[in-house]
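One structure is given below, encoded as structure tokens.
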Amino acid sequence: MQPEAGRLGLVNGLRIGVMAVVLGLFSAVVIPLQLLALRFDWRLRRRLPRYWHKLALFCLGIRIHTHGTLDPRRPLMIAANHASWKDILVLGSLADVVFIAKTEVAAWPIFGTLARLQKTIFVVREEKRRTGDQVNEIAGRMADGEIVVLFPEGTTSDGNRVLSVKSSLFGAAAAALPKGVDDAVVHVQPVAIAYTRIQGMPMGRYHRPIAGWPGDVGMVSHLKGVLRAGALDVDVTFGEAVDFRQGDNRKSLATHVESRLRDMLLAHLRGRHRR
């Protein structure tokens, strides 16, 4: 058994090494191009991250199964549950999106750099004097046709549940409504991300820490666990978008989104959703 385990470990190590080289070479080409696209505000800056995310998922062995479709209407905000940094790769591979993240993310090694390259909107929730500028940036990006991704739980979960959704975070949706236009609407689409299988087998609670990243586990050790696990399957469900208009209640919107996310997530975790 020990020689067999050693061979498997060697093969897995070689696989990880090859994939790291492939992703590194691709990044060496894409990152300078993305920097130019950001510098001159080319539309290309919105598309390039999607290709990088697709390759990163391939290298990590993460396979996506989609259910439903992205709403084609604009302005559009995606409200998704949040279990791990892998959610960024998953959603970023499916559409040209921009993320809202807490400002601390900008200082994270590697991930902070990648977030800046994707022109992530960083928010400081504790500083109310900056709230206006941050909301205006979100509104401006949505008005320009960009799809903004919000993780309304405000933090990562363990992947087994949806945490309470914070209604205050939907202030960006309200701000995106143009002033003085009575029939203006922002479309808010709930999207559930469920990590369901590992090596083709149903993922139980024992393996769930590989999918979720609550934050009390170091990034490096968690990444090693994901790489060692190999193939992961993730189900992404696009729910029906909610039309949010002037005068609508943010708490009602938050309650609806939380309910839909919970229903869609549990349907996959409990095996009730057919592929």
- Query: In region 84-100, what residues are hydrophobic (A, V, I, L, M, F, W, C) and at pLDDT 90 or above?
  - Reply: I88, L89, V90, L91, L94, A95, V97, V98, F99, I100
- Criterion (touching a strand residue (DSSP E or B) at 6+ places or on another chain (Cβ under 7 Å) and open to solvent by less than 10 Å² (accessible area, probe 1.4 Å)) met by exactly one of A79, A106: A79
- With the first residue restricted to region 27-43 and required to be under 21 Å from A56 (Cα atoms), and the second required to be open to solvent by 90 Å² or more (accessible area, probe 1.4 Å) and modelled with pLDDT under 95, Cβ contacts under 6 Å at 6 or more apart or on different chains are none
- Of the residues R228, R205, R245, R270, which single one is open to solvent by 60 Å² or more (accessible area, probe 1.4 Å) and at pLDDT 90 or above? R245
- Scan region 171-205 for residues that are under 19 Å from I78 (Cβ atoms) and within 17 Å of the chain's Cα centre (by Cα) and jot them down. V188, Q189, P190, V191, A192, I193, A194, Y195
- Item | Of all residues in region 172-188 being of a type outside the set (A, V, I, L, M) and within 15 Å of V242 (Cα to Cα), the one that is least open to solvent (accessible area, probe 1.4 Å) | H187
- List every residue pair whose Cβ atoms sit under 8 Å apart, with the two residues 6 or more apart in sequence or on different chains, where the first one lies in region 45-57 and is open to solvent by 40 Å² or more (accessible area, probe 1.4 Å) and the second, anywhere, is of a type in the set (G, A, S) and not in a helix (DSSP H, G or I). R50/A95
- Item | Output for region 109-166, where each listed residue is small (G, A, S) and either over 27 Å from L38 (Cα atoms) or modelled with pLDDT under 85 (or both) | G132, A139, G154, S157, G159, S164
- Within region 8-65, work out how many residues are at pLDDT 90 or above and in a loop (DSSP other than H, G, I, E, B). 4
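The values are calculated or read from the model by the stated rules, or taken from the named source; none is laboratory data. Since the model is a prediction, treat every value here as computed from it, not as a measurement. Methodologically, a virtual Cβ is constructed for each residue, glycine included, from the backbone with ideal geometry; neighbour enumeration extends over all protein chains shown. Only protein heavy atoms, including side chains, enter the accessible area calculation; ligands, DNA and RNA are left aside. Shrake-Rupley method; radii C 1.70, N 1.55, O 1.52, S 1.80 Å.
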